[in-house]
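The values are calculated or read from the model by the stated rules, or taken from the named source; none is laboratory data. From a predicted model like this one, the values you see are computed outputs, not experimental measurements. Positions of Cβ are generated from backbone atoms using ideal geometry, with glycine treated the same way; all protein chains shown enter the neighbour counts. SASA here: full protein model, heavy atoms, side chains in, ligands and nucleic acids out. Shrake-Rupley method; radii C 1.70, N 1.55, O 1.52, S 1.80 Å.
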Amino acid sequence: MANPTGSSLHVDSALTNLSVAYRQSANNFIADVVFPNVPVRFKSDEYYKFNRADWNRDEVTVRAPGTESAGGGFNISTETYTAKVHAFHKDVTDQDRANADPAINLDRAAVDFVMHKMMLAKEIDWASAYFTTGVWGTDITGVASGPSTGQTIKWSDTTSGDPIGDIEAAIIAMEEDTGYSPNTMVIGRKVMSALKNHPDIVDRVKYATSTTDNPAKVNERTLAALFGIDRILVSRAVKNTANEGATEASAFVTGSNALLCYAAPAPSLMEPSAGYTFSWTGYLNAGNAMGIATSRFRMDHLKSERIEAEMAYDQKVVSSDLGYFFSAIA
């Protein structure tokens with residue numbers, strides 16, 4: 001054997017310009033972009049809600065000479081929010097920092113790790129609050145066949161599924177019920193796949209003209225234009241439900257569901273919205289409206305530096321009649 005050999009010429013060591021971390025893209029998460037964020041000073045408080053029926057009732061009458069005009073009023077109630085504080089930390093020990101290879105910047109990795117955990121937790125909370133049955137004005141469940149009341153054929157069925165008809169019916173129903181047209185649709189990744197491959201949708205989109213997209217390309221923008229809404233948001237976040245050390249079991253956070261809703265462009269007086277996120281900025285003094293703060297401090301008794309994040313919020317269904325939910329739709 002010729003010498004020297006490869007193993008004697010090079011001793012394997014970690015690269016200094018490459019490492020691999022499965023940190024999900026920020027674009028996977030939709031919790032902070034669906035509903036308006038409301039910065040609040042106190043942990044809990046009340047807000048006013050006008051009665052919808054009072055505004056849409058026809059009470060104007062013809063006025064006879066010398067008589068009073070017809071009159072009326074409106075009812076106002078109050079509802080509450082309560083922001084919960086969420087926190088997570090990662091400790092970087094002095095020994096680990098002293099022993100780490102250059103490719104591992106433990107402090108940066110700890111910050112990224114903590115913030116990723118916070119984003120994932122908020123996405124999971126969002127799905128629990130909004131992306132489930134029993135919270136919106138109408139629930140429709142996808143079934144494989146023989147739909148009855150409150151059911152429809154799954155959109156993944158390319159023969160019998162009717163996503164265009166189902167969504168149009170939902171839009172009309174919300175408009176007739178509330179006077180507001182939904183402007184936002186949130187869908188899980190599997191629902192996006194079902195919609196972009198459904199022949200009815202492809203047939204409608206392929207004849208469109210565009211200077212920026214392939215005419216047959218089905219994406220969030222072309223779907224929104226087809227359905228007549230402002231935006232479609234796709235949640236692609238995944239969650240591992242296995243305990244540490246167990247075999248990984250990952251799945252999409254939002255499953256095979258879809259939410260059609262009206263989300264106010266911004267929080268304001270006299271403006272309804274399907275939901276709001278109340279962010280308790282008065283506690284954290286984070287310098288941002290989202291109510292999230294990070295800190296780094298010494299833990300001498302552990303010989304470590306602690307990287308910690310906190311956020312305080314309440315993801316609140318404000319007007320349930322402005323939401324139309326499709327569960328197990330793909």
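Data for the structure
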| quantity | calculated |
| --- | --- |
| Residues satisfying the stated conditions in the range 277-322, i.e. among the acidic types (D, E) and in contact with a Lys or Arg (Cβ under 9 Å, 6 or more places away or on another chain) | E305, E308, D314, D321 |
| Identity of the residue in the range 248-271, surrounded by fewer than 16 Cβ atoms within 10 Å (Cβ to Cβ) and outside any loop (DSSP other than H, G, I, E, B), that ends up farthest from the chain's Cα centre (by Cα) | S250 |
| Count of residues meeting criterion [farther than 30 Å from E271 by Cα and open to solvent by 60 Å² or more (accessible area, probe 1.4 Å)] in the range 68-101 | 11 |
| Any pair with Cβ under 6 angstrom, 6 or more apart, that starts in the range 304-315 at a residue that is among the hydroxyl-bearing types (S, T, Y) and ends at one that is not in a strand (DSSP E or B) | Y313/A83; Y313/G291 |
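Let's see how each residue does on (1) open to solvent by 30 Å² or more (accessible area, probe 1.4 Å); (2) outside any strand (DSSP E or B); (3) touching a strand residue (DSSP E or B) at 6+ places or on another chain (Cβ under 7 Å):
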site	(1), (2), (3)
V234	no, no, yes
A246	yes, yes, no
S273	no, yes, no
S279	no, no, yes
A289	yes, yes, yes
I307	no, no, yes
Q315	no, no, yes
F326	no, no, yes
